Amino acid sequence: MKRILFAIVLGMIALSAIGQEKAYFLEDEPWEKVLKQAKKTDKLIFVDCYTQWCGPCKILMNKIFPQKEVHDYMDEKFVCVKYDMEKEEGEKFLKLYPDIIYGYPTLLVISSEGEILHRMLGARTAEELLGGIEDGLAGNSIYIMGKEYQQGNRDKDFIQKYLYLLINSYESEKYQEVAYDYFSHFPIDSLLNKEVWDIMSPCVFANPYNREFRFVLDHLYDFQRRGWDRYDMENRIYVTMKSHVVSLSSAISTTENRDSLERKIDQIIELAKYPVKGFPTILAEAMLDKALLANDAEKVYERFVAFSDCNFISKSPAYVAFIYCYLFENLTDKQRIQNCMDELLALQEAGGIKDLDKIIALGKEKLGNME
């Protein structure tokens, strides 16, 4: 009996210890109180911004923060608070820092005056978490380095370190701003220099309309000759072009600035004529987008049929459904509508695209109204 009681007591102590390790985070505490506590204890503030549906947030909360090494470090240095960003206090906190929190988990180090000193995004191991915090406290923070950058520091090592922090903090716009400022002092063919390329490549592949992207297309052989992987380069080029074609397709029905959209489509069509793997499909979809933008149903039909026969059209169910809906709504030629219906019925029978019933019903209605 004594052994049983002893085991129960030990179990209660263990559970109590685990509870204490998790409890060092204040939960949804009003921010004003957190600031007062930080001033009173002369500590910085560590904020975990999370949501209930965020998987990486749960990993941090349940597996990383309770570890003794993390617990002891954090409890010594910080007033720790966590906010469910979909609850009242979390929403209030978000309004205080609206341009800082746009993904979860977001981890912040903040002074007792409310100044953000460091930010990290995403789940990480205990070692990575503590190392990241130490980097921030040592001055390797995008906020501290940002002030130094604004004061005019353009030292190469500083810029490289600042850019590294920006890209790892998902500050893509600021990264591009700093990278382009750095690159402005070099001729464009310096992209063939690996050190410059490592800095500029995120900018190059972010925007197919810039001169750097076209330079890469024009000099693929030179990159390959200098040791770059041609397959990897072409794949990154294709992914960039594909993402922009998809965004252009989505914008056709919503944009008001059709002139700007047409210019972008024309640029994509011009670029897609380069001999790069996958570009025939890019060219086909861009030409289809151009016909959609002009609201030329007959040309949309002709291009869609021709490109589909060549397997140049995306097999995305949403994209195919969008095209067929457009054709049923806008075609006036009964035979062409029937051809679309026959193709849809064949797709349904083959099981190539699911949930076609509504589109088929739309086509049948259109054919019925033409009898």
With +1 assigned to the C-beta of every Lys and Arg and -1 to the C-beta of every Asp and Glu, and no other charges, what is the dipole magnitude of the range 60-199 about the Cα centre in debye, to the nearest 20? 80
I'm a student and want to see the number: the projected area of the Cα convex hull of the range 55-102, averaged over all directions, in nm². 4.1
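So for each of 56-64, 279-287, 299-307 I average, over its residues, the number of other beta carbons within 10 Å; can you give me the resulting order with the highest mean first?
Numbers: 56-64: 16.7, 279-287: 21.8, 299-307: 18.3.
The most tightly packed comes first, giving 279-287, 299-307, 56-64.
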Computed label-point distance, nm, for sites residue 243 and residue 299 using a 7 Å Cα→Cβ extension: 2.9
If you place +1 on the Cβ of every Lys and Arg and -1 on the Cβ of every Asp and Glu, how big does the dipole about the Cα centre of the range 121-258 come out, in debye to the nearest 20? 420
In a Gaussian network model of the chain with springs linking alpha carbons closer than 10 Å, the residue among 322, 78, 65 that fluctuates most is 322
If amide H atoms are modeled at 1.01 Å from N in the peptide plane, then the residues at a separation of 5 or more from residue 80, or on another chain, having amide H under 5 Å from its own are 26, 46
Please report Rg over Rh for the range 85-215, where both radii come from the alpha carbon positions and Rh follows the Kirkwood definition. 1.02
Using +1 on the beta carbon of Lys and Arg, -1 on that of Asp and Glu, and nothing else charged, what's the dipole of the range 154-194 about the Cα centre, debye to 20? 140
The range 239-371 -> Rg/Rh from Cα coords, Kirkwood Rh, value 0.98
State in Å² the accessible area per residue of the range 152-215; use a 1.4 Å probe, count heavy atoms of protein chains only, and round to the nearest integer. 51
Where in the range 171-256 are there trypsin sites (Lys or Arg not before Pro) that are in a DSSP coil and have at most 14 other Cβ atoms within 10 angstrom of their Cβ? 226
When you have a sec, figure out the Kirkwood radius of the range 29-159 from all distinct Cα pair distances and drop it here in Å to one decimal? 15.4
Give the label of the value calculated from the structure for log10 I(q)/I(0) by the Debye sum over Cα atoms at q = 0.06, 0.11 Å⁻¹, choosing from [x] -0.40, -0.97; [y] -0.24, -0.80; [z] -0.55, -1.22. [x]
Which listed residue (203, 52, 335) has the Cα farthest towards the positive end of the charge dipole for the chain, taking +1 on Lys and Arg C-beta and -1 on Asp and Glu C-beta about the Cα centre? 52
Heavy-atom accessible area per residue of the range 233-339, all protein chains kept, 1.4 Å probe, expressed in Å², is 50
If you bin the C-alpha pair distances of the range 186-288 every 10 Å from 0, what whole percents do you get? 14, 47, 27, 10, 1
Only helical DSSP H runs with n ≥ 4 go in: add -39500 (n - 2.57) per run for the chain, normalise by residue count and round the 222 nm mean residue ellipticity to 500 deg cm²/dmol. -20000 deg cm²/dmol
Per the 1.4 Å probe, what fraction of the accessible area of the range 184-268, in percent, lies on carbon and sulfur atoms? 47
Output ³J(HN,Hα) for the range 289-296: one whole-Hz value per residue in order, computed from phi by the Karplus curve 6.51 cos²θ - 1.76 cosθ + 1.60 with θ = phi - 60°, and x for Gly and Pro. 4, 4, 5, 5, 4, 7, 6, 9
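The values are calculated or read from the model by the stated rules, or taken from the named source; none is laboratory data. A quick note: this is a predicted structure, and the numbers were derived from the prediction, not measured. Cβ sites come from the backbone with ideal geometry, for glycine too, and all protein chains shown count toward neighbours. For the accessible areas, the whole protein counts, side chains as well, though only heavy atoms, and no ligand, DNA or RNA atoms are used. Shrake-Rupley method; radii C 1.70, N 1.55, O 1.52, S 1.80 Å.
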